[in-house]
Amino acid sequence: IARKLDRSKEHHKAFIAAWDAQQDFESTLRKRGEEVLSKLDAKAQALVIVSRSYNGCDPGINLRIPRILRDMGVIAIPIDMLPLDAVDTVAKWRGMYWGYGQKILAAAQIIKNDPRLFAVYITNFSCGPDSFISHFFRKELAEKPYLQIEIDEHSADAGVVTRLEAFLDSLKNIRLSEALKVSPPQLTILRSTNGKKKTVYIPYMTDHVYALAAAFHACGTPAEVMPESDSETVTVGRKYTSGRECYPCILTIGNMVKMVNRPDIDPERTAFFMPNTNGPCRFGQYYHFQRLVLDDLGYPDISFHSFNQDDGIYGDCEIVGNDFARLAWQGIVAIDLLEKKLREVRPYEINNGEADQIYRHYLNEITECIKRKANLTKVLQEARDEFDHLSIDGELMKPVIGLVGEIYIRTNRFGNENIVRELEALGSEVWLPSVGEWILYTNFTAMRNSITNRRWKNFLKILINNRYQRYYEHHLSKVLAPSLKNCSEPSTKEVLQYAEPYLDPTFEGEAILSVGKAVDFAKKGVDGIINVMPFTCMPGTIVNTLLKKFREMEGNIPVLNISYDGQKQTNTRTRLEAFVYQVCQFQKSGARRSPNVARDQKPEKHQSFHL
């Protein structure tokens, strides 16, 4: 951003003046808050308006709640008037990377410890951060009651008045004991118990998790892939969530609760694998929320093994074993290639089911090779030969659809209602981005952040890992390249360049990858793009909007956005049928070249990392 601004002396002075004015304003607010609190006697009650500024200060958005409270004779204190800076939320709620999330949790601590204060939490329908922050807010307040009001464009102040009156009436006879001490969620590193390591249970997202389990085994840590989600998973998951969280969070917590209820599970020897991140996506809050749920269920001994997908990820990997990152990466690349081949062959096979049998056999072979730390090249060669000898209808030219979107929903069969199979049944071939794409992207952002923070040693470690990973990717890709139409993958730098007309490269997260991959698919000649996402997904909503511009810039290529929340939509099949028909018409129009290019294409050499 700085490169695009005119950083003249006048601009610098203006910035400093604006900063000073903002600091003076915030200082005035805090002083006013201290004044109000000092005048409250021990038996008085005041309501703290817990909200973001655009909610708490806009009477059109907050339905005049502060004014209504004043008319009721109640003292209402905005969150910004509390001494939030005096509370260390970072130490207690590690991983709270949203600025207002830190403020809200700091306010919760102040309210909990002051018997005169109670909270009115104003949030919005489908507010992504609040879907998790509200759980942590409740936990921080312990036994203290509060009122949460969720507002959207359909809300009316009449209902709000009734709820405020009822809440105030309930506070008249409130009797609070000493506030409960809340233990902060702690990251429990994998540890030994009675001389035996804990078993790591890995939630099923896609078949690539079998490579992770195999890599754990190879490094001496027992690991097991959890069963795939089903309708019971959704039912159980919804019991412990509010319904506003991401759909993948509901599925993973449902599977974890099902797992701990198994009679053969020993909590002291159990650990769940759940990666972590520093935002901006809500995924980085999954672990913290799951920790709360398991603690509430009485399983504090169950630990989490988490890799934070920032510039310290390879340090986390080394905790498991020196070979873990290498083995897991090779397995992920191999399964990416195997899945590509399956999706390219299965729509054209003459004997239904043969392609899946070959895939399942060699998926098992890959995981066994990883456990033995053996070379995967021979396994991929044998898989290629068997796939190439399948009986297929070479005369068919089916339309090709590129599937992009949030990585869990994109790859999880249950989560996306088996959309790949549905599209194949409707006469299409489906391409997906590789799972390895996300790992290479995290390398890229971690190196960029290391340079920004001048962490040169860390930068060098990630750079070396990235080079080795690109080498292994290139080496394994060469095996299947002669028989794959879509073998070559663009580098992270190229994907970001593809997305640059829509998003600046500094905009981190899945949104920029989805847009960049959509452009890559379009360049390769696909006939349509589908973006899948969990309902209310923040990056997915951005992609949803940007794909309108993408469609215009790519010759009106058909585009479809689908969101999933566990409630099966009766019209999803109809929408897919209509979309495939649209794609077929687009293919017949000849607007794009066919992606069925020569199968003897060679994989492109991967570019080195540059900043």
Per residue value of the accessible surface for the chain (all protein chains in place, 1.4 Å probe), Å²: 46 Å²
Entries in Lys92/Lys461; Lys92/Lys139; Lys340/Lys478; Lys92/Lys112 that, when Cα-Cα distance is taken, lie over 20 Å: Lys92/Lys461
Per DSSP, loop trypsin sites (Lys or Arg not before Pro) in the stretch 1-76 with at most 14 further Cβ within 10 Å: Arg7, Lys39, Lys43
Cβ-Cβ FRET estimate between Glu500 and Ala86, R0 fixed at 41 Å, reported to 0.05: 0.45
When the convex hull of its Cα atoms is projected in every direction, mean area for the stretch 251-385 (nm²): 11.2 nm²
Loop-resident sites, the stretch 494-598, for trypsin sites (Lys or Arg not before Pro), counting at most 12 other Cβ within 10 Å (DSSP): Lys568, Arg593
For the chain, share of DSSP beta bridges that run antiparallel, in % to the nearest 5: 5 percent
Cα Rg, Dmax, the stretch 397-472, angstrom units: 17.6, 52
Chain lengthening between Asn453 and Arg262 when straightened (0.36 nm per residue, less Cα-Cα): 64.2 nm
The stretch 339-495 - convex hull of alpha carbons, volume per residue in Å³: 135 Å³
Accessible-area ranking of Cys584, Cys537, Cys57, largest first, probe 1.4 Å: Cys57, Cys584, Cys537
Long-range Cα-Cα pairs in the stretch 255-297 (distance over 18 Å), rounded percent: 33 percent
Part-to-part distance (alpha-carbon centres) for the stretch 507-586 and the stretch 11-87, which is given in Å: 42 Å
Heavy atoms of Ser242: accessible area, 1.4 Å probe, square angstrom to 10: 70 Å²
Set of aspartates and glutamates with alpha-carbon distance to Lys43 below 13 Å, sequence-local pairs under 8 removed: Asp114
Cα centroid of the stretch 258-325 to Cα centroid of the stretch 391-432, whole Å: 31 Å
Dmax and Rg, reported as Rg then Dmax, of the stretch 40-139 (C-alpha, Å): 13.5, 39
Which of Asp152, Asp520, Asp41, Asp71 is most accessible, then next, and so on - probe 1.4 Å: Asp71, Asp41, Asp152, Asp520
Nearby aspartates and glutamates by direct alpha-carbon distance to Lys198 (threshold 12 angstrom, same-chain neighbours under 8 apart not counted): Glu224, Asp266, Glu268, Asp301
Probe 1.4 Å - accessible area at Arg448, Å² to nearest ten: 40 Å²
Sequence-distant residues sharing a close amide H with Tyr564 (under 5 Å, placed H): Met533, Phe535
37 °C / 0.692 mPa s Stokes-Einstein diffusion coefficient of the stretch 282-340, Kirkwood radius on C-alpha pairs, µm²/s: 237 µm²/s
For Asn124, distant residues with modelled amide H under 5 Å away: Ile151
Asn278 paired with Glu395, simple spin-label distance in nm, labels 7 Å along Cα-to-beta-carbon: 5.9 nm
Cα-Cα pairs of the chain separated by more than 46 Å (percent): 23 percent
The stretch 354-430: projected area of the alpha-carbon convex hull, averaged over directions, in nm²: 6.6 nm²
Alpha carbon convex hull of the stretch 196-280, volume per residue in cubic angstrom: 119 Å³
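The values are calculated or read from the model by the stated rules, or taken from the named source; none is laboratory data. All of these numbers come straight from a predicted model, not from anything done at the bench. Heads up, the Cβs are rebuilt from the backbone with ideal geometry, glycines too, and the neighbour counts pull from every protein chain shown. With ligands, DNA and RNA removed, areas are computed over all heavy atoms of the protein, side chains included. Shrake-Rupley method; radii C 1.70, N 1.55, O 1.52, S 1.80 Å.
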